[in-house]
Amino acid sequence: SGIGKLQLALAYAQYLNCPHRTDEDSCGVCPTCLQFERLQHPDLHFVFPIVKTDDADTCDAYLESWREIILKKHYFDLEDWHKALGVETKQSMIYEKESGEILRKLSLKPYGDGYKVMIIWQPEKMNATTSNKLLKLLEEPPAQTVFVMVSEHPEQLLATIQSRVQTILIPRLETE
């Protein structure tokens, strides 16, 4: 944890959608890039573990806190996320209702000419029902849709999910 996998996923999402990207990077100055840097582009979607309450049962209820921790802290882990939520001792997960939200969000047309990007942070925290509901979508995503799963323990994902994704290992950073 903390080596920048989520930041890399965000940079990739921005690169995919930048209308002025080069072979090396996005431009960083166009309106699309600025929306991605603020985590507010309409084609950028997030799924992450939450603690379900009577008032909050999907990621959308926590989106403001999620954006805030990414923009302020940049590099964080699940423990930091729990602290930001004020639930240090509770287990968090990605619940079944989230799979319906993913389907709903990805059924919409892309805002621009780029891609709809669904970043799933800690996908190993999906319960079995959620994982199974996403299998078909991962196998046959809607046009111009990219899933990016940012995992710390990919071996904990269902084997059927592992078989439907391309794994890119991000090496641990050297201490110095």
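The values are calculated or read from the model by the stated rules, or taken from the named source; none is laboratory data. Everything numeric in this text was worked out from a predicted model, so none of it was measured. Glycine also receives a Cβ, built like all others from the backbone with ideal geometry; neighbour counts cover every protein chain displayed. To get the accessible areas, we keep the full protein, side chains included, count just its heavy atoms, and leave off ligands, DNA and RNA. Shrake-Rupley method; radii C 1.70, N 1.55, O 1.52, S 1.80 Å.
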> Filtering region 67-116 down to residues that are in contact with a Pro (Cβ under 8 Å, 6 or more places away or on another chain) and open to solvent by 40 Å² or more (accessible area, probe 1.4 Å), which residue is nearest to V51 (Cα to Cα)?
Replying inline: M93
> What is the one condition in (1) without any contact (Cβ under 8 Å) to a residue 24 or more places away in the chain; (2) open to solvent by 20 Å² or more (accessible area, probe 1.4 Å) that A56 does not satisfy?
Replying inline: (2)
>> Condition check: touching a Pro at 6+ places or on another chain (Cβ under 8 Å), over 26 Å from F76 (Cα atoms) and surrounded by 14 or more Cβ atoms within 10 Å (Cβ to Cβ). Does Q122 satisfy that?
In response: no
>> I need a count of the residues in region 54-69 that are within 22 Å of Q7 (Cα to Cα) and among the polar types (S, T, N, Q).
In response: 1
> Which helices (runs of 4 or more DSSP H) does region 96-176 wholly contain that include 3 or more residues that are charged (D, E, K, R) and over 15 Å from the mean Cα position of the chain (by Cα)?
Replying inline: 96-106, 128-139
>> Whether any residue in region 27-47 is without any contact (Cβ under 8 Å) to a residue 60 or more places away in the chain, open to solvent by less than 20 Å² (accessible area, probe 1.4 Å) and touching a Ser or Thr at 6+ places or on another chain (Cβ under 6 Å) is what I want to check.
In response: yes
